[in-house]
Amino acid sequence: MEWRLRPVKRWGWLAVVGMALAVGSAVAQAVAHTDPLNLDPQVRQAYERFYYLDFDGALKIFNQVVQQHPQDPMAWDYILMTTVFRELYHQDLLDTTYYAHDSFLSNKRDVPVTEGVHRQIEDLTAKVIAMCDANIAANPNDKNAYFARGYAKGMHAAFITLAEHSFSAAARQGYGARNDSEQVLKLDPQYADAKMAVGLQLFAVASLPRWVRIIVGVMGVGGNKEQGLADLREAAAHGVVTSVESKTALSLFLRHDGRYPEALQVERGLAEQYPHDYLFRLEVANLLKDEGHGLEAIAEYKKVLADAAKPGYFVDPRLQLAWFGLGDTERGYNQIQDAANSFLQAAEQPNCSDWLRKRAQLNAGEMFDLLHDRAQAVKLYQMAAAPGGDQTQADAARRYMKTPFIGK
């Protein structure tokens, strides 16, 4: 019996050694194709907080990383990324329903970003770019510096596109991010994270209406939707710091083109991986709605809202996004009273942006007109048309104050 056990022990030990060597090889391979800082346990922990929308918790850890690695531009990129997305989230700008169609390009939405936040984002972007410029001047083959510079440009482009509607400046930054990322891939074709910026730019440019391409000055810039999607899939599958972001962009672009089954597959994967990420869960409901599965979408919105009622389940959930999506879906199924109540709930959320609150008030007013409650409808139209703050709903609200809404 003892003789028989020894080979088992021997092979078990060899298996452990083999597994250790395999893991070590995988880590070594990842290190070879990314900034080593991206694999730091503290950094990974902060990213986990980020993916659960705990921006303050992520920033706390990333600030510790910066203190330990002040000369690594990637460390400052983490701060920039978290600062940008925290602000976009607080402005209700991360609801992808807003970007699923091209109408946001001409929207005159007011986004009240404070001067302090605006200056912080500009300073962080400039700091990272200056650090990378110096590193590249010292070593023209510094692939991590090219990536960090492109990453900063990409984050800045996202911010000025969504918060400032500075499309021309954003297009230049986006193109700069693509150029830097392409340089990374020339130096290291296996640097998968760099494929995100390339994929984003290729798809975005190919999707822009001709008049927008003329205005933002990208008529001579090449775009290719399928290649863009392919690059995003590569970054999603093999990226170290852009995997989740690439999946999010992939889902949005597929939704934009009406490829809902594939978009749902991507988004459900994210929601399963991060079940306490409010936006991933919300996006599953949004996609079900857009695909025409309205009753399933209604059930999914209600499930998200039920989970949000559980203490600590989500971090800072922007419930207005779920209530508005639910109301919009109920409206499509002629559940007028339910839709009116959902739009009211959206408008009454204490952290609701002025833009979304007035959209919800306008939609609620329309529902009350259909319910023949004219007094309540007019009251809501007056709120939607109130002076100050966002005025994108004001014209429609004033029109319905004079003539009741009779559509659907």
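General observations
- Lys, Arg +1 and Asp, Glu -1 on Cβ, resulting dipole of the chain about Cα centre, debye, nearest 20: 360
- Positive minus negative residues near Lys247 (Lys, Arg vs Asp, Glu; Cβ under 10 Å): -1
- Among the listed pairs Lys127/Lys186; Lys358/Lys379; Lys186/Lys225, a Cα-Cα separation exceeding 18 Å is found for Lys127/Lys186; Lys186/Lys225.
- Each of the peptides 384-397, 259-272, 82-95 was scored by the mean count of other Cβ atoms within 10 Å over its residues; in descending order, highest first, they stand as 82-95, 259-272, 384-397.
- Packing order of peptides 308-320, 357-369, highest average first: 357-369, 308-320 (average count of other Cβ atoms within 10 Å over each peptide's residues).
- When the chain is described by a simple charge dipole with +1 on each Lys and Arg Cβ and -1 on each Asp and Glu Cβ, the residue from Gln68, Ala263, Gln361 located farthest towards its positive end is Ala263.
- Euclidean distance between Cα centres, the stretch 107-140 to the stretch 346-408, Å: 37
- Put simply, when 36-45, 276-285 are sorted by average Cβ atoms within 10 angstrom per residue, most first, you get 276-285, 36-45.
- Taking Arg255, Arg398, Arg149 as the candidate residues, the one with maximal mean-square fluctuation in a Gaussian network model of the chain, Cα springs under 10 Å, is Arg398.
- Separation of the Val66 and Glu296 label points, Cα + 7 Å toward Cβ, nm: 4.3
- Choice from Ala145, Ala163, Ala299 showing the highest fluctuation, given a GNM over the chain with Cα pairs closer than 10 Å: Ala299
Throughout, read-outs are computed from the coordinates displayed, never taken from laboratory work. Since the structure is predicted, the reported quantities are computational estimates derived from the model, not experimental observations. In this analysis, Cβ positions are derived from the backbone assuming ideal geometry, glycine residues included, and neighbour counts consider all displayed protein chains.
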